[in-house]
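Here is the structure we will look at.
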Amino acid sequence: MATTIKLSVETRDRIKAMGGETYEDTIIEALDALDKQRFWAEADAYAAWLRSLPAEEQARIQEAERQESAALDRAFDGLG
């Protein structure tokens with residue numbers, strides 16, 4: 001199913017200049033890149049927040065994350 005969106009001529013030309021096989025391919029590629037950039041920005045912000053905590057709090061959080069990861073591993077091991 002397709003839809004029509006209104007774009008300025010400048011935006012249309014920018015999409016076309018990106019060189020994708022279709023406009024949709026170009027837009028999907030741009031959205032994927034934006035998703036990736038936002039993911040890593042959030043990961044960097046979390047890491048900075050974690051580093052800002054006292055060492056004891058960092059250790060407590062990291063141990064809780066290790067336990068959660070181990071629990072997930074055990075759950076997935078049981079699926080096989």
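Remarks
- Extending 7 Å from Cα along the Cβ direction at residue 34 and again at residue 22 yields two label points whose distance is 2.0 nm.
- Hz values of 3J(HN,Hα) by residue in the range 23-33 - Karplus curve (6.51, -1.76, 1.60), Gly and Pro given as x: 4, 4, 4, 5, 5, 4, 4, 5, 5, 4, 5
- Here the extension length gained between residue 62 and residue 2 equals 17.0 nm, from 0.36 nm per residue of separation less the Cα-Cα distance.
- Residue 43/residue 77 FRET efficiency (R0 35 Å; Cβ-Cβ; nearest 0.05): 0.85
- Protein accessible area in the chain, 1.4 Å probe - carbon and sulfur %: 57 percent
- Among the trypsin sites (Lys or Arg not before Pro) in the chain, those located in a DSSP loop and surrounded by at most 16 other Cβ atoms within 10 Å of their own Cβ are 6.
- 5 Å binning of all Cα-Cα separations within the chain, expressed as whole percents from 0 upward: 3, 11, 11, 13, 10, 10, 10, 8, 10, 10, 4, 0
- A 1.4 Å probe run over the range 20-80, with the rest of the protein chains in place, finds 86 Å² accessible per residue.
The values are calculated or read from the model by the stated rules, or taken from the named source; none is laboratory data. Since we're looking at a predicted model, the values are computed, not measured. All Cβ positions, glycine included, derive from the backbone under ideal geometry; neighbour counts span all protein chains shown. These accessible areas exclude ligands, DNA and RNA; they are computed on the full protein's heavy atoms, side chains included. Shrake-Rupley method; radii C 1.70, N 1.55, O 1.52, S 1.80 Å.
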